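Take a look at the structure set out below.
Every read-out reported here was derived from the displayed coordinates using simple, explicitly stated rules and does not represent laboratory data. Worth saying up front: this structure is predicted, and the values here are computed from it rather than measured. Please note: Cβ atoms are built from the backbone with ideal geometry, for glycine as well, and neighbour counts cover all protein chains shown.
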Amino acid sequence: MKNRIKVYRAMHDMTQEELAEKIRVTRKTINSIERGKYNPSIEVAFKIAKIFRVPVEKIFFFEDETPEDVIEDPSSPD
């Protein structure tokens, strides 16, 4: 899994330490997630997305996707 945490932190002028404090994890956890060494729990992923006020899919995505890919709602009409 890839992510754009570093990009969003830069856009918000936020350090790893500041983000970690806001979601109550360690700076090392944020660093490991950013480097792709650790996949966050769903709870942590949603907390990060909430901090940046974007859908979780804009921050976290699979390697074969881009962050701009939109997940379609299967119940919506075509």
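Assorted remarks:
- Evaluated at q = 0.13, 0.23 Å⁻¹: base-10 log I(q)/I(0), Debye formula over Cα of region 1-58: -0.25, -0.89
- Charge tally in the Cβ shell below 15 Å around Arg24, where Lys, Arg are +1 and Asp, Glu are -1, Arg24 excluded: +1
- Phi-based couplings in Hz for region 2-11 (Karplus 6.51, -1.76, 1.60; Gly and Pro marked x): 10, 8, 10, 4, 4, 4, 5, 5, 5, 4
- Chain lengthening between Arg35 and Glu17 when straightened (0.36 nm per residue, less Cα-Cα): 5.0 nm
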